[in-house]
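Taking it in order: structure first as C-alpha cells, then the write-up.
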Amino acid sequence: MTTNTNTAAAPRLNFAKSAPKVFRALIGFDAAARAGLDPALVELIQIRASHLNHCAYCLHMHTNDARKAGESEDRLHMVAVWREARHFFTEKEQAALALTETVTLVADGGVPDEVYAQAAARFEEEELAQVLGLIFAINTWNRLALATKKVAGTDERV
C-alpha cells in the first residue's frame, strides 16, 4: 500500500476577506503601536517574537523589511542569540528583546520584575507602552499567520 504524500492540505480561510473589520482593526492597532518607535527596534521586536512563535511567514517578512530599512546581516543573524551577542545590540534594544521574550512566552512565568524594570529604565513611559503594544501586535499577527497556514515567502501586503 502506498501513501500519497503529495496531497495538498485543504486551504484555510482568508482572514482578511472573512473578517474584514477585525483585520482592519488589527492593521490599525499595529500602526498605532509602531507609531513613533525607531524602525530598527520595531523590526528587531517583530523578528524575535516570530522566532519564538515559530512563525516562518512573519519571520521572512520582517527580516526582509529590516534589510530594506538598512539593517545589517550580522545583526539579523544574531537576534535569536542576542544574549550571547549583546555587543551587536544597544542596551535599549537588549531591554526590548528581553521584554519581547517574556511577554511572548508569558505563560512560562509571567513578566519578571527585573525584565520589566530594565525596559522601564531604558524607555520613557509612553515609548514603553508603544513597545508593549507592538509586542502584543506581532504576537497576534504570528498567531493569525500560523492558524491560517500562511506560507513563508508570500508577503500578501504587496
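The values are calculated or read from the model by the stated rules, or taken from the named source; none is laboratory data. Because the structure is predicted, anything quoted here is derived from the model rather than measured. When we count neighbours, we look across all protein chains shown, and the Cβ atoms used for this are built from the backbone with ideal geometry, even at glycine. Please note that ligands, DNA and RNA were not included when accessible areas were found on the heavy atoms of the full protein model with its side chains. Shrake-Rupley method; radii C 1.70, N 1.55, O 1.52, S 1.80 Å.
Taking first residues from segment 41-68 that are touching a residue at least 60 places away in the same chain (Cβ under 8 Å) and partners that are surrounded by fewer than 19 Cβ atoms within 10 Å (Cβ to Cβ) and hydrophobic (A, V, I, L, M, F, W, C), the Cβ contacts under 6 Å between residues at least 6 apart in sequence or on separate chains come to 55/146; 56/152; 57/152; 60/152. Restricting attention to segment 62-115, the residues that are closer than 20 Å to residue 129 by Cα and in contact with a helix residue (DSSP H, G or I) (Cβ under 7 Å, 6 or more places away or on another chain) add up to 18. Please give the number of the condition residue 5 fails out of (1) farther than 22 Å from residue 128 by Cβ; (2) at pLDDT 95 or above. Checking residue 5 against (1) farther than 22 Å from residue 128 by Cβ; (2) at pLDDT 95 or above, the one that fails is (2). Applying the set (1) charged (D, E, K, R); (2) open to solvent by 40 Å² or more (accessible area, probe 1.4 Å); (3) modelled with pLDDT of 95 or more to residue 12 leaves exactly one unmet item: (3). Residues that are part of a loop (DSSP other than H, G, I, E, B), small (Gly, Ala, Ser) and surrounded by 12 or more Cβ atoms within 10 Å (Cβ to Cβ) within segment 17-68 comprise just one, 19. With the condition kept exactly as written, say whether any residue in segment 51-67 is under 26 Å from residue 150 (Cβ atoms) and touching a Cys at 6+ places or on another chain (Cβ under 6 Å). The answer is no, given that none of the residues of segment 51-67 is under 26 Å from residue 150 (Cβ atoms) and touching a Cys at 6+ places or on another chain (Cβ under 6 Å).
If the condition is being of a type in the set (Ser, Thr, Tyr), open to solvent by 30 Å² or more (accessible area, probe 1.4 Å), closer than 27 Å to residue 16 by Cβ and part of a helix (DSSP H, G or I), then segment 103-158 contributes only 140.
Determine whether segment 121-136 contains at least one residue that is touching an Asp or Glu at 6+ places or on another chain (Cβ under 8 Å) and over 16 Å from residue 46 (Cα atoms). Checking segment 121-136: at least one residue is touching an Asp or Glu at 6+ places or on another chain (Cβ under 8 Å) and over 16 Å from residue 46 (Cα atoms).
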